[in-house]
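Undergrad: Shown below is the structure under consideration.
The values are calculated or read from the model by the stated rules, or taken from the named source; none is laboratory data. Please read all numbers here as calculations on a predicted model, not as lab measurements. A quick note on method: Cβ atoms are made from the backbone with ideal geometry, for glycine too, and the neighbour counts reach across all protein chains shown. Accessible surface areas use protein heavy atoms only, side chains included; no ligands, DNA or RNA. Shrake-Rupley method; radii C 1.70, N 1.55, O 1.52, S 1.80 Å.
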Amino acid sequence: MRFKGKRARLAEVAGLVAQAVAGKSTKKIFECLRIVSGDRGVEFAGTDLEVAIRYRMDEDVEVVEPGEAVVPAQLLANVLREIGDETVSIAVARRKLTLETDGGFFELECEDPVQYPEIPEFPASGACAVAATDLRELVHKTVFAAGKEAARFVLNGVKLSVGKDRLRFVATDGRRLAMLDRPVERTNGREGREATAIVGVKGLQHFERVSAEVDGSVDLALADRFVAIRTARAEVTARVMDGAFPDVDQIVPKDVPNAASVPVGVLHSRLKQARQFASVESQSVALAFREGELTISAAGGDGRAEVRLGVEYEGPEERIGFNPVFLMDALKVVHGETIRFAFKNANGAAKISDEKGLVYVVMPVLLD
(Lines give C-alpha, C1' and ligand atoms only; values in the text may rest on other atoms or scores of the structure.)
Protein backbone atom coordinates (compact mmCIF):
# COMPACT_ATOMS: atom_id res chain seq x y z
CA MET A 1 0.00 0.00 0.00
CA ARG A 2 1.22 3.47 -0.85
CA PHE A 3 -0.52 6.83 -1.05
CA LYS A 4 0.16 10.48 -0.44
CA GLY A 5 -2.07 13.32 0.60
CA LYS A 6 -2.54 16.62 2.37
CA ARG A 7 -1.32 16.29 5.93
CA ALA A 8 -3.99 18.52 7.50
CA ARG A 9 -6.87 16.58 5.95
CA LEU A 10 -5.33 13.21 6.80
CA ALA A 11 -4.90 14.37 10.39
CA GLU A 12 -8.52 15.51 10.55
CA VAL A 13 -9.90 12.20 9.27
CA ALA A 14 -7.57 10.02 11.35
CA GLY A 15 -8.45 12.02 14.46
CA LEU A 16 -12.18 11.69 13.78
CA VAL A 17 -12.03 7.92 13.27
CA ALA A 18 -9.67 7.44 16.23
CA GLN A 19 -12.36 8.77 18.56
CA ALA A 20 -14.34 5.58 17.90
CA VAL A 21 -11.40 3.35 18.84
CA ALA A 22 -10.88 1.99 22.35
CA GLY A 23 -8.27 3.95 24.28
CA LYS A 24 -7.03 0.95 26.27
CA SER A 25 -7.76 -2.69 25.61
CA THR A 26 -6.43 -6.11 26.54
CA LYS A 27 -6.04 -6.73 22.81
CA LYS A 28 -3.80 -4.37 20.87
CA ILE A 29 -5.91 -4.62 17.71
CA PHE A 30 -8.85 -2.93 19.45
CA GLU A 31 -6.66 0.17 19.85
CA CYS A 32 -6.07 0.35 16.10
CA LEU A 33 -7.75 1.73 13.01
CA ARG A 34 -7.81 0.12 9.59
CA ILE A 35 -6.64 1.88 6.43
CA VAL A 36 -7.62 0.57 2.99
CA SER A 37 -6.45 2.22 -0.24
CA GLY A 38 -7.89 1.47 -3.66
CA ASP A 39 -9.66 2.82 -6.73
CA ARG A 40 -12.13 4.84 -4.66
CA GLY A 41 -9.49 6.56 -2.55
CA VAL A 42 -8.45 5.80 1.01
CA GLU A 43 -10.82 4.53 3.70
CA PHE A 44 -10.14 4.91 7.42
CA ALA A 45 -12.16 2.70 9.76
CA GLY A 46 -12.26 2.33 13.53
CA THR A 47 -14.41 0.65 16.17
CA ASP A 48 -14.62 -0.17 19.86
CA LEU A 49 -17.39 -2.74 19.17
CA GLU A 50 -20.00 -0.25 20.40
CA VAL A 51 -19.47 2.41 17.74
CA ALA A 52 -17.84 2.09 14.32
CA ILE A 53 -16.83 4.68 11.73
CA ARG A 54 -15.86 4.33 8.08
CA TYR A 55 -14.57 7.46 6.37
CA ARG A 56 -13.52 7.57 2.72
CA MET A 57 -11.14 10.19 1.37
CA ASP A 58 -11.49 10.65 -2.39
CA GLU A 59 -10.01 14.15 -2.45
CA ASP A 60 -6.72 15.53 -1.11
CA VAL A 61 -5.20 12.06 -1.53
CA GLU A 62 -3.51 10.14 -4.37
CA VAL A 63 -3.33 6.34 -4.29
CA VAL A 64 -0.14 4.94 -5.79
CA GLU A 65 -0.60 1.30 -4.77
CA PRO A 66 -3.68 -0.37 -3.22
CA GLY A 67 -3.43 -2.20 0.06
CA GLU A 68 -4.53 -2.51 3.66
CA ALA A 69 -3.00 -1.84 7.08
CA VAL A 70 -4.05 -1.81 10.74
CA VAL A 71 -2.13 0.67 12.89
CA PRO A 72 -2.33 2.22 16.38
CA ALA A 73 -5.08 4.85 16.12
CA GLN A 74 -3.92 7.47 18.59
CA LEU A 75 -0.27 7.26 17.57
CA LEU A 76 -1.09 7.80 13.89
CA ALA A 77 -3.50 10.64 14.68
CA ASN A 78 -0.95 12.31 16.97
CA VAL A 79 1.89 12.08 14.45
CA LEU A 80 -0.23 13.52 11.64
CA ARG A 81 -1.36 16.35 13.91
CA GLU A 82 2.11 17.29 15.15
CA ILE A 83 4.17 17.30 11.96
CA GLY A 84 4.16 20.57 10.05
CA ASP A 85 4.57 19.40 6.46
CA GLU A 86 1.89 20.20 3.92
CA THR A 87 1.94 16.74 2.30
CA VAL A 88 2.92 13.30 3.54
CA SER A 89 3.53 9.93 1.91
CA ILE A 90 2.34 6.73 3.59
CA ALA A 91 3.52 3.24 2.64
CA VAL A 92 3.16 -0.23 4.16
CA ALA A 93 5.63 -3.09 3.81
CA ARG A 94 6.51 -6.07 6.03
CA ARG A 95 3.86 -5.19 8.63
CA LYS A 96 5.26 -1.69 9.12
CA LEU A 97 3.66 1.61 8.11
CA THR A 98 6.10 4.34 7.13
CA LEU A 99 5.03 7.96 7.08
CA GLU A 100 7.51 10.14 5.15
CA THR A 101 7.77 13.92 5.21
CA ASP A 102 10.31 16.47 4.00
CA GLY A 103 11.81 16.49 7.49
CA GLY A 104 12.09 12.74 8.12
CA PHE A 105 10.02 9.62 8.55
CA PHE A 106 8.00 7.77 11.18
CA GLU A 107 7.57 4.01 11.37
CA LEU A 108 4.54 2.38 13.04
CA GLU A 109 4.11 -1.32 13.80
CA CYS A 110 1.07 -2.86 12.09
CA GLU A 111 -1.34 -5.55 13.25
CA ASP A 112 -2.82 -8.38 11.20
CA PRO A 113 -5.79 -7.00 9.17
CA VAL A 114 -7.48 -10.42 9.27
CA GLN A 115 -7.94 -10.02 13.04
CA TYR A 116 -9.67 -6.66 12.78
CA PRO A 117 -13.30 -6.63 14.02
CA GLU A 118 -16.08 -6.72 11.44
CA ILE A 119 -17.75 -3.36 10.83
CA PRO A 120 -21.43 -3.58 9.75
CA GLU A 121 -22.47 -2.32 6.34
CA PHE A 122 -25.19 0.30 6.02
CA PRO A 123 -28.56 -1.53 5.75
CA ALA A 124 -29.92 -2.10 2.25
CA SER A 125 -33.48 -1.20 3.28
CA GLY A 126 -35.42 0.70 5.91
CA ALA A 127 -33.53 3.98 5.64
CA CYS A 128 -34.83 7.52 5.80
CA ALA A 129 -33.35 10.91 4.99
CA VAL A 130 -33.03 13.55 7.70
CA ALA A 131 -31.56 17.03 7.40
CA ALA A 132 -28.07 17.11 8.87
CA THR A 133 -28.94 20.23 10.88
CA ASP A 134 -31.98 18.45 12.31
CA LEU A 135 -29.92 15.39 13.26
CA ARG A 136 -27.38 17.52 15.09
CA GLU A 137 -30.20 19.33 16.87
CA LEU A 138 -31.86 16.05 17.88
CA VAL A 139 -28.63 14.86 19.46
CA HIS A 140 -27.61 18.13 21.09
CA LYS A 141 -31.00 18.81 22.65
CA THR A 142 -31.58 15.37 24.17
CA VAL A 143 -28.37 13.54 25.15
CA PHE A 144 -27.73 15.81 28.16
CA ALA A 145 -30.84 14.33 29.84
CA ALA A 146 -29.67 10.71 29.49
CA GLY A 147 -28.70 8.81 32.63
CA LYS A 148 -25.20 8.06 33.87
CA GLU A 149 -25.88 5.32 36.42
CA ALA A 150 -24.73 1.75 35.83
CA ALA A 151 -27.67 0.36 37.81
CA ARG A 152 -30.18 1.75 35.29
CA PHE A 153 -28.15 1.06 32.18
CA VAL A 154 -30.95 1.38 29.64
CA LEU A 155 -31.53 4.99 30.73
CA ASN A 156 -27.96 5.80 29.67
CA GLY A 157 -29.14 5.68 26.07
CA VAL A 158 -31.52 7.68 23.91
CA LYS A 159 -34.63 6.15 22.36
CA LEU A 160 -35.00 6.75 18.61
CA SER A 161 -38.39 6.29 16.96
CA VAL A 162 -38.92 6.55 13.21
CA GLY A 163 -42.53 6.86 12.02
CA LYS A 164 -44.02 7.54 8.62
CA ASP A 165 -42.57 11.04 8.38
CA ARG A 166 -41.14 11.88 11.83
CA LEU A 167 -38.01 11.04 13.79
CA ARG A 168 -38.16 11.33 17.58
CA PHE A 169 -35.33 11.33 20.13
CA VAL A 170 -36.15 10.83 23.83
CA ALA A 171 -33.70 10.79 26.75
CA THR A 172 -34.43 10.47 30.45
CA ASP A 173 -32.53 9.71 33.64
CA GLY A 174 -35.70 9.14 35.66
CA ARG A 175 -35.78 12.67 37.07
CA ARG A 176 -36.06 14.63 33.83
CA LEU A 177 -36.84 13.97 30.18
CA ALA A 178 -35.95 15.68 26.90
CA MET A 179 -37.89 14.94 23.72
CA LEU A 180 -37.66 16.36 20.20
CA ASP A 181 -39.27 15.47 16.85
CA ARG A 182 -38.01 16.33 13.39
CA PRO A 183 -39.28 15.45 9.88
CA VAL A 184 -37.80 12.62 7.82
CA GLU A 185 -38.33 11.24 4.34
CA ARG A 186 -38.47 7.50 3.73
CA THR A 187 -35.94 6.49 1.05
CA ASN A 188 -35.96 2.70 0.59
CA GLY A 189 -38.82 0.61 1.82
CA ARG A 190 -40.69 0.00 5.08
CA GLU A 191 -42.79 3.08 4.44
CA GLY A 192 -45.13 3.75 7.30
CA ARG A 193 -43.62 1.12 9.62
CA GLU A 194 -42.46 2.49 12.93
CA ALA A 195 -39.06 1.38 14.13
CA THR A 196 -37.48 2.04 17.51
CA ALA A 197 -34.05 1.54 19.05
CA ILE A 198 -32.09 2.64 22.11
CA VAL A 199 -28.62 3.98 21.32
CA GLY A 200 -25.81 5.03 23.64
CA VAL A 201 -24.75 8.65 23.92
CA LYS A 202 -21.29 7.98 22.48
CA GLY A 203 -22.72 6.70 19.21
CA LEU A 204 -25.07 9.67 18.86
CA GLN A 205 -22.23 12.10 19.50
CA HIS A 206 -20.38 10.51 16.60
CA PHE A 207 -23.50 10.99 14.48
CA GLU A 208 -23.33 14.67 15.40
CA ARG A 209 -19.63 14.99 14.56
CA VAL A 210 -19.82 13.28 11.18
CA SER A 211 -22.94 15.19 10.11
CA ALA A 212 -21.25 18.50 10.98
CA GLU A 213 -19.61 18.64 7.53
CA VAL A 214 -22.90 18.00 5.70
CA ASP A 215 -25.07 20.84 4.40
CA GLY A 216 -27.93 18.72 3.06
CA SER A 217 -29.35 15.48 4.42
CA VAL A 218 -27.94 12.22 5.77
CA ASP A 219 -29.35 8.70 5.53
CA LEU A 220 -30.40 7.06 8.80
CA ALA A 221 -31.40 3.42 9.28
CA LEU A 222 -32.52 1.35 12.26
CA ALA A 223 -31.47 -2.28 11.98
CA ASP A 224 -31.93 -5.15 14.43
CA ARG A 225 -28.53 -4.82 16.08
CA PHE A 226 -27.45 -1.28 15.26
CA VAL A 227 -28.44 2.19 14.11
CA ALA A 228 -26.46 3.77 11.26
CA ILE A 229 -26.06 7.04 9.43
CA ARG A 230 -24.47 7.57 6.03
CA THR A 231 -23.11 10.66 4.32
CA ALA A 232 -21.34 11.02 0.98
CA ARG A 233 -18.03 10.11 2.64
CA ALA A 234 -18.77 8.45 5.96
CA GLU A 235 -20.79 5.75 7.69
CA VAL A 236 -21.27 5.49 11.44
CA THR A 237 -22.90 2.54 13.18
CA ALA A 238 -23.89 2.43 16.85
CA ARG A 239 -24.87 -0.77 18.64
CA VAL A 240 -28.43 -1.00 19.94
CA MET A 241 -28.91 -1.32 23.70
CA ASP A 242 -31.19 -4.03 25.11
CA GLY A 243 -33.87 -3.19 27.65
CA ALA A 244 -37.27 -1.63 28.20
CA PHE A 245 -37.35 2.15 27.93
CA PRO A 246 -39.88 4.06 30.07
CA ASP A 247 -43.24 4.86 28.50
CA VAL A 248 -43.02 8.49 27.41
CA ASP A 249 -46.78 8.91 27.49
CA GLN A 250 -46.73 8.12 31.20
CA ILE A 251 -44.00 10.70 31.91
CA VAL A 252 -44.96 13.78 29.90
CA PRO A 253 -47.75 15.49 31.89
CA LYS A 254 -50.96 16.28 30.03
CA ASP A 255 -52.77 18.18 32.78
CA VAL A 256 -50.67 21.35 33.20
CA PRO A 257 -53.22 24.19 33.36
CA ASN A 258 -50.85 26.81 34.77
CA ALA A 259 -48.38 28.23 32.28
CA ALA A 260 -45.92 31.11 32.26
CA SER A 261 -43.97 32.70 29.44
CA VAL A 262 -40.47 33.16 30.87
CA PRO A 263 -37.45 34.96 29.34
CA VAL A 264 -34.64 32.43 28.89
CA GLY A 265 -31.61 34.64 29.49
CA VAL A 266 -32.95 36.31 32.64
CA LEU A 267 -34.16 33.00 34.08
CA HIS A 268 -30.76 31.39 33.55
CA SER A 269 -29.03 34.34 35.22
CA ARG A 270 -31.38 34.35 38.22
CA LEU A 271 -31.06 30.59 38.70
CA LYS A 272 -27.28 30.88 38.59
CA GLN A 273 -27.40 33.61 41.26
CA ALA A 274 -29.75 31.76 43.58
CA ARG A 275 -28.12 28.34 43.32
CA GLN A 276 -24.99 29.67 45.04
CA PHE A 277 -27.01 29.68 48.28
CA ALA A 278 -28.68 26.27 47.91
CA SER A 279 -27.77 23.84 50.66
CA VAL A 280 -25.47 20.98 49.77
CA GLU A 281 -28.02 18.48 51.11
CA SER A 282 -31.06 19.66 49.16
CA GLN A 283 -29.53 21.24 46.03
CA SER A 284 -32.86 22.93 45.41
CA VAL A 285 -34.30 26.34 44.66
CA ALA A 286 -37.89 27.45 45.09
CA LEU A 287 -39.83 28.99 42.20
CA ALA A 288 -42.78 31.06 43.39
CA PHE A 289 -45.22 32.11 40.66
CA ARG A 290 -47.66 34.98 41.03
CA GLU A 291 -49.33 37.24 38.51
CA GLY A 292 -46.67 38.89 36.36
CA GLU A 293 -43.74 37.77 38.51
CA LEU A 294 -41.50 34.82 39.33
CA THR A 295 -39.45 34.78 42.53
CA ILE A 296 -36.53 32.35 42.87
CA SER A 297 -35.16 31.69 46.35
CA ALA A 298 -32.62 29.41 47.99
CA ALA A 299 -31.20 29.06 51.49
CA GLY A 300 -28.27 27.24 53.04
CA GLY A 301 -25.85 27.39 55.92
CA ASP A 302 -24.07 30.43 54.49
CA GLY A 303 -27.11 32.59 53.84
CA ARG A 304 -30.11 32.97 51.57
CA ALA A 305 -31.00 34.54 48.23
CA GLU A 306 -34.20 35.85 46.68
CA VAL A 307 -34.29 37.16 43.13
CA ARG A 308 -37.18 38.17 40.89
CA LEU A 309 -38.00 38.48 37.23
CA GLY A 310 -41.02 39.54 35.24
CA VAL A 311 -43.04 36.81 33.49
CA GLU A 312 -46.35 36.47 31.70
CA TYR A 313 -48.42 34.51 34.22
CA GLU A 314 -52.03 34.81 35.34
CA GLY A 315 -52.61 31.56 37.27
CA PRO A 316 -52.87 30.87 41.00
CA GLU A 317 -49.91 31.50 43.27
CA GLU A 318 -47.72 28.41 43.47
CA ARG A 319 -44.34 27.60 45.03
CA ILE A 320 -42.42 24.68 43.53
CA GLY A 321 -38.94 23.27 44.23
CA PHE A 322 -36.50 22.15 41.53
CA ASN A 323 -32.90 21.11 41.14
CA PRO A 324 -31.50 24.32 39.55
CA VAL A 325 -28.95 22.39 37.46
CA PHE A 326 -31.74 20.47 35.72
CA LEU A 327 -33.44 23.73 34.79
CA MET A 328 -30.22 25.40 33.63
CA ASP A 329 -29.28 22.40 31.48
CA ALA A 330 -32.52 22.81 29.54
CA LEU A 331 -32.07 26.57 29.17
CA LYS A 332 -28.73 25.96 27.42
CA VAL A 333 -30.40 24.13 24.52
CA VAL A 334 -33.81 25.78 24.09
CA HIS A 335 -34.49 27.88 21.00
CA GLY A 336 -35.77 31.43 21.22
CA GLU A 337 -35.85 34.16 23.82
CA THR A 338 -38.74 32.74 25.87
CA ILE A 339 -39.97 29.35 27.03
CA ARG A 340 -43.36 28.09 28.12
CA PHE A 341 -43.14 26.82 31.70
CA ALA A 342 -46.28 24.78 32.48
CA PHE A 343 -47.28 22.92 35.64
CA LYS A 344 -50.26 21.76 37.67
CA ASN A 345 -49.10 22.22 41.28
CA ALA A 346 -46.11 21.82 43.57
CA ASN A 347 -46.30 18.02 43.47
CA GLY A 348 -46.42 17.47 39.71
CA ALA A 349 -43.79 17.51 36.98
CA ALA A 350 -43.22 20.74 35.08
CA LYS A 351 -43.26 20.82 31.29
CA ILE A 352 -40.94 23.24 29.52
CA SER A 353 -41.26 23.81 25.77
CA ASP A 354 -39.70 26.14 23.21
CA GLU A 355 -40.84 27.50 19.86
CA LYS A 356 -39.10 24.73 17.86
CA GLY A 357 -40.75 21.72 19.46
CA LEU A 358 -38.43 20.77 22.33
CA VAL A 359 -40.30 19.23 25.25
CA TYR A 360 -38.47 19.04 28.55
CA VAL A 361 -40.05 17.49 31.65
CA VAL A 362 -38.51 17.92 35.09
CA MET A 363 -39.70 16.45 38.38
CA PRO A 364 -40.05 18.75 41.41
CA VAL A 365 -38.15 18.29 44.66
CA LEU A 366 -39.33 18.68 48.24
CA LEU A 367 -38.72 22.04 49.84
CA ASP A 368 -37.79 22.49 53.49
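Undergrad: Apply 1/(1 + (r/R0)^6) to the Cβ-Cβ distance of V280 and E337, taking R0 = 45 Å, and write down the FRET efficiency to the nearest 0.05.
TA: E between V280 and E337, to the nearest 0.05, is 0.85.
Undergrad: Using only alpha carbon pairs under 8 Å that are at least six residues apart, calculate the relative contact order of the chain and give it in whole percent.
TA: 13
Undergrad: Per 0.36 nm of contour for each residue apart, how much would the distance between H140 and D249 grow if the chain were fully extended, relative to their Cα-Cα spacing?
TA: Once the chain is fully extended between H140 and D249, it gains 37.0 nm.
Undergrad: Here is a further query. How many lysine pairs does segment 219-360 hold where the Cα atoms are under 17 Å apart and the two sit 8 or more places apart or on different chains?
TA: Within segment 219-360, the lysine pair count is 5.
Undergrad: For segment 244-251, in order, what is each residue's ³J(HN,Hα) by Karplus, 6.51 cos²θ - 1.76 cosθ + 1.60 with θ = phi - 60°, in whole Hz (x at glycine and Pro)?
TA: Along segment 244-251, the couplings run 9, 7, x, 6, 4, 4, 7, 9 Hz.
Undergrad: Give a quick list of GluC sites (Glu not before Pro) in segment 13-86 that DSSP marks as loop, anything other than H, G, I, E or B, with at most 11 other Cβ atoms within 10 Å.
TA: E59, E86
Undergrad: Further, regarding this structure: Write down the radius of gyration of segment 174-266 and its Dmax, each obtained from C-alpha positions, in Å.
TA: Calculated on Cα positions, Rg and Dmax stand at 16.9, 49 Å.
Undergrad: Turning to a different aspect of this structure: Give the relative contact order (percent, whole number) for segment 276-361; include only Cα pairs under 8 Å separated by 6+ residues.
TA: 22
Undergrad: Continuing with the same structure: Sorted by accessible area with a 1.4 angstrom probe, largest first, how do H140, H335, H206, H268 fall?
TA: Largest to smallest exposure gives the sequence H140, H335, H268, H206.
Undergrad: Follow-up. Once fully extended, how much extra length lies between D329 and R304, figured as 0.36 nm per residue of separation less the alpha-carbon to alpha-carbon distance?
TA: Full extension of this stretch gives 6.7 nm more.
Undergrad: Per residue, how large is the accessible surface of the chain? Use a 1.4 angstrom probe and give square angstrom.
TA: Using a 1.4 Å probe on heavy atoms only, each residue of the chain averages 48 Å².
Undergrad: Next question, about the same structure. Which values, in whole Å and largest first, are the semi-axes of the equivalent ellipsoid of the chain obtained as the square root of 5 times each eigenvalue of the Cα gyration tensor?
TA: With the √(5λ) rule applied to the chain, the semi-axes are 47, 23, 18 Å.
Undergrad: Carbon-plus-sulfur fraction of the accessible area of the chain, 1.4 Å probe, in percent?
TA: With neighbouring chains kept in place, the figure for the chain is 45 percent.
Undergrad: Ok, one more. Helix-only estimate, please: 222 nm mean residue ellipticity of the chain, summing -39500 (n - 2.57) across DSSP H runs of length 4 or more and dividing by its residues, to the nearest 500.
TA: -5000 deg cm²/dmol
Undergrad: Cut-off under 27 Å on the C-alpha distance; same-chain residues fewer than 8 positions from K27 excluded. Which lysines are left, in chain and number order?
TA: K27 reaches K96, K148, K202.
Undergrad: Test of understanding: what is the full-extension gain from A150 to K28, defined as 0.36 nm times their sequence separation minus their Cα-Cα distance?
TA: 41.3 nm
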